Amino acid sequence: MQTYNPTHQSEPLILKNIIDYQEISRAKLTKITNLTKSSVSDITKTLLDKDIIYESKVGNSTNSGGRRPIYLKFNENSALVIGIEIGRNYIKGGLSYINGSLIREKSYTQITINRYNIIDTLSQIIQQLCSDLPKSSYGIIGVGVAIHGSIYKNKITFVPYSDMDEIELQEKLSSHTHLPVFLINEANASALGEYTFTSNSESLISISIQDGIGAGIIEKGILYSGKNGNAGEIGHTTLYPDGRLCPCGNHGCLEQYASTTILYKEISKLKEVEYCDLHQVINYWHNDEEVIQLLKNNAKLISIGVNNIVSMYDPETVVINNELYREIPDLINVIEKHLTRRNNRNVFIKNTSLEDKTTLYGCLSLVIRQFLKLNKIKFNTNIFLT
Ligand SMILES: [Zn+2]
């Protein structure tokens, strides 16, 4: 596989500005980077030769006359990226161009995932995504894989609700597919997805709520994952010191009371049914006072987690990544109401705008950052919000 490496010291700076501005002349690049005209000329020539950028159009000359500027754009068709989210009983995969624009998706739902079948299942999905690839200079530059567990240095260290921590996922998948593979915690991927494709904020926290509750923290555009990759594990902050035992070994962790799995169990118990799904819960929200109270209580518990992490990191934006909160946006207001009481007035709380693809987009962002050697990157979000 062909890789991209910067030739010049200031090449990442120039590339980042071309991506940020979406379309920019060499003269403007010179002005905003304080580099010399000849440096900008050399670097943009290198980026053109590498097919990372292209000349998009000739602009109008300025009032003082002179040469008409040629605009430069990031070449989103130069490479392809694969992102994959591994859930408890589902796998979602997507193939995109190097600006995150999705070409196709494949997903398996209601499946059993364990350490014996995960490599074959992922390889199948990757194979399906790779059929009939569009032409690109670099081909597929990597696979970003999000896991609902702890990741440290591209290795799975702890998966609370599966046996996958016993496998060398990155090495095995990479040798099966002959592609670079990058692992990331699911909540961290969600935060990267939000930061890269939907938000103007430089500091952002994304909270994923499913079996567990985790937060991805972006500070000044950089993902903060802590010394051991466990930063943002708010699901394992203590709600009740002598409470329920958690797979992490502690008692009374927030996610033992506020995860969506626990909430659905409580609703099923209340309604005396074996199982309830999203649609049933939405129906209850419209006409069942007891379930409404359970849902509001869930939002109150989530607000405790939000309050804890907001108090520590003081972000501009908190994004909630959960299917129930997306379907019942009023629950976001309940979180906000409880936060206001705790004086966290300035933080903006919202549902994700990427629907159920936030994590997938984060996986794409992870690979794109690695490939372009840029530690922060934001793309024009318009294509994602229509
Ligand atoms: Zn725990």
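The values are calculated or read from the model by the stated rules, or taken from the named source; none is laboratory data. Everything quoted here is computed from the prediction, not taken from an experiment. Cβ atoms come from the backbone with ideal geometry, glycine included; neighbour counts cover every protein chain shown. SASA here: full protein model, heavy atoms, side chains in, ligands and nucleic acids out. Shrake-Rupley method; radii C 1.70, N 1.55, O 1.52, S 1.80 Å.
Please get the size of the charge dipole for the range 201-351, origin at its Cα centre, with Cβ charges of +1 on Lys and Arg and -1 on Asp and Glu, quoted in debye to the nearest 20.
Result for the range 201-351 is approximately 440 debye, rounded to the nearest 20.
How much of the accessible area of the chain, probe 1.4 Å, is carbon plus sulfur, in whole percent?
46
Tell me the relative contact order for the range 11-74 as a rounded percent, counting alpha carbon contacts under 8 Å between residues six or more apart. Before the final figure, lay out the partial values.
Details: 80 pairs, mean separation 25.1, N = 64.
Rounded, it is 39 percent for the range 11-74.
Work out which helices of the chain, taken as complete DSSP H runs, extend at least 20 Å along their axis over the Cα atoms and score a mean Kyte-Doolittle of -0.5 or more, then list them.
Length and hydropathy pass: 289-313, 358-372.
Check which residues have an amide H placed less than 5 Å from LEU354's amide H, if you skip close sequence neighbours.
Amide H to amide H, under 5 Å and 5 or more residues apart or across chains, LEU354 pairs with nothing.
Sticking to Cα atoms, compute the Rg of the chain to one decimal and its Dmax as the biggest Cα-Cα distance, whole number, in Å.
When restricted to the Cα atoms of the chain, Rg and Dmax are 22.6, 79 Å.
Please report the net charge: other residues with Cβ closer than 12 Å to the Cβ of ILE24, K and R +1, D and E -1.
In short, +3.
Averaging over all projection directions, find the projected area of the Cα convex hull of the range 180-248 and quote it in nm² with one decimal place.
6.0
Any idea how far the Cα center of the range 108-148 sits from the one of the range 3-35, in Å?
33
Quick check: net charge around LYS350, other residues with Cβ under 12 Å of its Cβ, Lys/Arg +1 and Asp/Glu -1? Show your work: numbers first, answer last.
Working: positive: ARG326; negative: GLU194, GLU316, GLU336.
Taking every other residue near LYS350 into account, the sum is -2.
Quick check for me: using +1 on Lys/Arg Cβ and -1 on Asp/Glu Cβ, what's the dipole size of the chain about its Cα centre, in debye to the nearest 20?
It comes to approximately 1700 debye.
Give the whole-number value, in cubic angstrom per residue, of the convex hull volume spanned by the C-alpha atoms of the range 11-74.
Looking at the range 11-74, the number lands at 81 Å³ per residue.
Using a simple spin-label model with points 7 Å from Cα along the Cα→Cβ vector, what separation in nm is obtained for GLN22 and LEU133?
Reported label-point gap for GLN22 and LEU133 is 2.9 nm.
Report the dimensions of the range 201-351 along its three principal axes from the alpha-carbon atoms, largest first, rounded to Å.
Principal-axis extents of the Cα atoms in the range 201-351, largest first: 46, 33, 25 Å.
Just to make sure I understand: if all protein chains stay in place, what is the order of ASP314, ASP165, ASP211 by accessible area at 1.4 Å, largest first?
On the way: ASP314 115, ASP165 55, ASP211 30 Å².
In descending accessible area the options line up as ASP314, ASP165, ASP211.
Quick check: pseudo-label points 7 Å beyond the Cα along Cα→Cβ at GLN293 and ASN333, how many nm apart are they?
With each label point 7 Å from Cα toward Cβ, the separation is 2.1 nm.
With each run of n ≥ 4 DSSP H residues scored as -39500 (n - 2.57), what mean residue ellipticity at 222 nm is computed for the chain after dividing by its residue count and rounding to the nearest 500 deg cm²/dmol?
After summing the helix terms and dividing by residue count, I get -12000 deg cm²/dmol.
Note down the net charge around LYS172, summing +1 for each Lys or Arg and -1 for each Asp or Glu among other residues with Cβ under 11 Å from its Cβ.
The answer is -2.
Note down the nm distance, to one decimal, between modelled labels 7 Å out along Cα→Cβ at THR238 and at SER268.
The modelled label-to-label distance comes out at 3.0 nm.
Filter LYS227/LYS376; LYS16/LYS227; LYS227/LYS378; LYS153/LYS300; LYS31/LYS227 down to the pairs with a C-alpha to C-alpha distance above 30 Å, please.
Check vs 30 Å cut-off fails for LYS153/LYS300; LYS31/LYS227.
Starting from the amide H of ASN75, placed 1.01 Å from N in the peptide plane, find each other amide H under 5 Å away whose residue is 5 or more places distant or on another chain.
For ASN75, the qualifying residues are ILE53, TYR54.
Using a Förster radius of 45 Å, what is the FRET efficiency between ASN375 and TYR275 based on their Cβ-Cβ separation? Nearest 0.05, please.
0.55
What is the gain in length, in nm to one decimal, between TYR161 and MET312 on full extension, counting 0.36 nm per residue of separation less the C-alpha to C-alpha distance?
Length gained between TYR161 and MET312: 51.6 nm.
Suppose R0 equals 22 Å; then what is the FRET efficiency for GLU355 and ASN283 from their Cβ-Cβ distance, rounded to the nearest 0.05?
Computed FRET efficiency for GLU355 and ASN283: 0.60.
Any aspartates and glutamates with Cα under 13 Å of the LYS271 Cα? List them, leaving off those in the same chain fewer than 8 positions away.
ASP288, GLU289, GLU290
Between ALA215, ALA27, ALA189, find the one with the highest GNM mean-square fluctuation for the chain; connect C-alpha pairs within less than 10 Å.
Largest GNM mean-square fluctuation: ALA27.
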